[in-house]
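Notes follow once the structure below has been shown.
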Amino acid sequence: MSQNQMTHNVCAHCKTNLMYQAGATSVKCGKCDQINTFVPAQMLQMKCYVCSAILVFPQGCPTIKCICGTIITFVPPVIQRQHQNVNDQNIQNNESKTPTTTTTP
């Protein structure tokens with residue numbers, strides 16, 4: 001990690017935006033003097049599918065809300081795999097139930 005990389009968060013007390021060196025575990029708010037403690041997390045980003053705003057959020061976040069009001073909920077990979085397995089099973093069942101035609105002389 002570069003020495004000059006900066007990150008941001010919000011003061012837990014007064015909600016002021018804080019900018020600080022990446023990797024810092026605590027930051028004192030310049031407005032209210034609150035000591036904010038942060039656990040460094042890997043940040044991810046994606047585009048809002050409604051307004052195309054870039055959304056930045058910590059890995060593992062279950063839901064995020066865009067500035068346009070859109071709420072995006074993430075489905076855990078385990079549930080996605082279970083859902084895919086059910087879909088695969090349904091496809092196999094439907095294929096085995098495909099009617100066969102026979103002709104009689």
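Laboratory data are not the source of any read-out in this text; all were calculated from the coordinates shown. Predicted model only: the values in this text are computed from it and were never measured. Note that each Cβ is placed from the backbone with ideal geometry, even for glycine, and that neighbours are counted across all protein chains shown.
Report the extension gain between Lys15 and Met46 in nm, rounded to one decimal, defined as 0.36 nm multiplied by the number of residues separating them, less their alpha carbon distance.
Numbers: separation 31, 0.36 × 31 = 11.16 nm, distance 2.37 nm.
Contour length minus Cα-Cα distance gives 8.8 nm.
Does anything in the stretch 6-29 have its amide N under 13 Å from the 7 Å Cα→Cβ label point of Cys61, and if so which residues?
Once the point is set 7 Å along Cα→Cβ of Cys61, 8-10 turn out to lie under 13 Å by backbone N, inside the stretch 6-29.
Hey, can you grab everything whose amide H is under 5 Å from the amide H of Cys61? Only 5+ residues off in sequence or another chain; H modelled, so Pro and N-termini drop out.
Long-range HN contacts for Cys61: none found.
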